[in-house]
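The values are calculated or read from the model by the stated rules, or taken from the named source; none is laboratory data. None of the values given here were measured: they were computed from a predicted structure. Here Cβ is always computed from backbone atoms with ideal geometry, including for glycine, and neighbour counts include all displayed protein chains. The area values use the complete protein model at the heavy-atom level, side chains included, leaving out ligands, DNA and RNA. Shrake-Rupley method; radii C 1.70, N 1.55, O 1.52, S 1.80 Å.
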Amino acid sequence: MKHRINLTVAHLGRRLLSTKLRREIDIKIVEVGPRDGLQNEMCMLPTETKVSLVKKLIEAGCKNIESGSFVSPKRIPAMANSKEVCMILNNWRNEGNTCDDVILSALTPNLRGFEDAKGIVDEVAIFASASELFSQKNIGCSIEESFVRFEEVMTAAKEARIPVRGYVSCILGCPYSKHVPPTSVADVSLRLLEMGCYEISLGDTIGVGTANKTKNLLKVLKEAGVDSSRLAVHFHDTFGQALSNIYVSLEEDIRVIDSSVAGLGGCPYATGASGNVATEDVLFLLHGMGLSTGIDLNKMVDVGHFITDHLGITNKSKCGTALLAKKYKNENY
C-alpha cells in the first residue's frame, strides 16, 4: 500500500506539471499561525514574541502571513495586542527591511476592525459561515446580518484600495448543526465574490472532512460557477484527514493552501476542533511532489520549535517533530 500511495503522489505531481506545460508550479501558502494559530490560546502571547514569530516566518520564505485579528478582546483575548503587533511590523518594513513582496493581512469582521487595521496591513479578511447556527455562535449574528456588516467593510476597503479575502467556515460540517449542504457553501462563496473578495478560503473548521466529501464539495462549487483559481483550502486536522483533503484539492486545481506553523490553532467556538494542518507537513507533501512554495522547510521546522517552546506546548507537526529529532541527534554525535 505504501508504494501505491507514493506512486499516486508522484503521478499527481507529474500530472500537475503537465497541465502547465511542465513548467514549475507555484503553490501559494497562506501562513495563518500568528492569527488562527494563536487565537485559541488561553492567554495573550507577548507582543515581542508575536513580532519575532512573523519575522522568522518571513525569513523562512513565507510571503502571505495572517499577522493578527482586529476583534473584541473580550471575545478573543489572545488577539488583544494585534494592532500593536501590526504597527511594529509595518514600521519595521518601512525602515527598509527587504520584504516588499510579503503580504501581511489581518482579520477585520466589522468596520471598526477595518479602521483599526487600515494603513498597517496590506490586506484584510472577512469571514462568513455556511452554517446558520455557527454564525450565531461565532460572530453573534445570522448569515444575512453578517453580510450587512461586510458591505460596510467592503465599501471602506474599496475606497482605501485594500484587497479583501473572504473566509467561509464550516464547509464540511458544523459543531452545532452537524451537516452543512455543499450548496450553502456555494451560495456564501458566490456572495463574497460578488461583493468584491478576490479569493475565498474554504475552512473545514472542525476537521471532519474526508477526501470524498472534499472532492464533492469542490465539484459542487465549480458547477455553481465558482472558479477554482479564486479558491483556497483551509483544513483543520482534528481527525488526521487534512493532508489527504489537500491532495484531493490539488487534483481539483486548487493552488492556494492555508496552514499553520507547528499545527497551531483551534476554534474558540468549536469545542474539540484541533489545530490547522501544520505548514511543515504541507511543505513536505508539496515538495515531495516536485511543487514549488518558495518556503524553506528546515527553517519552518525551526520556527515551529521556536513558537511551541514559547507556548510550552507540543509541536503538532509530524514532519517538524521528526526533522527536529534528526537534527538534535546529529548535533549530539
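Summary table below
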quantity	calculated
Lysines with Cα under 26 Å of Lys219, excluding same-chain neighbours fewer than 8 positions away	Lys20, Lys28, Lys178
Whole-percent carbon and sulfur share, accessible surface of the chain, 1.4 Å	52
Cleavage-rule hits, trypsin sites (Lys or Arg not before Pro), the range 65-155, DSSP coil, Cβ neighbours within 10 Å at most 12	Lys74
Pairs from Lys50/Lys318; Lys83/Lys118; Lys74/Lys137 whose Cα-Cα separation, in the structure shown, is over 18 Å	Lys50/Lys318
More than 19 Å apart - percent of Cα-Cα pairs taken over the range 217-333	51
Taking N as its residue count, the alpha carbon Rg of the range 42-115 over 2.2 N^0.38 Å	1.10
Solvent-accessible surface (1.4 angstrom probe) belonging to Phe147, in square angstrom, nearest 10	10
Solvent-accessible surface ranking, highest first, for Phe114, Phe284 at 1.4 angstrom	Phe284, Phe114
Radius, Kirkwood style, for the range 85-138 when every pair of distinct Cα atoms is counted (Å)	12.8
Along each principal axis, Cα extent of the range 153-307, largest first, Å	40, 38, 32
Within the range 183-225, backbone nitrogen closer than 16 Å to the virtual label 7 Å beyond the Cα of Thr155 toward Cβ	195-196
Coordinate range along principal axes, alpha carbons of the range 198-242, Å, largest first	30, 21, 12
Candidate residues Asp36, Asp309: accessible-area rank, largest first, probe 1.4 Å	Asp309, Asp36
Helix-only [θ]222 nm of the chain, DSSP H runs n ≥ 4, -39500 (n - 2.57) each, per residue, nearest 500	-14500 deg cm²/dmol
Rg/Rg_globular for the chain, with Rg_globular taken as 2.2 N^0.38 Å and Rg from C-alpha atoms	0.95
Probe 1.4 Å - accessible area at Ser129, Å² to nearest ten	10
Debye log10 I(q)/I(0) for the range 129-178, one point scatterer per Cα, at q = 0.29, 0.31, 0.32 Å⁻¹	-1.05, -1.12, -1.15
Average accessible surface area per residue within the chain, 1.4 Å rolling probe, Å²	45
Environment charge at Leu172 (Cβ cut-off 12 Å; Lys +1, Arg +1, Asp -1, Glu -1)	+2
Counting DSSP beta bridges with both ends in the chain, the antiparallel % (nearest 5)	5
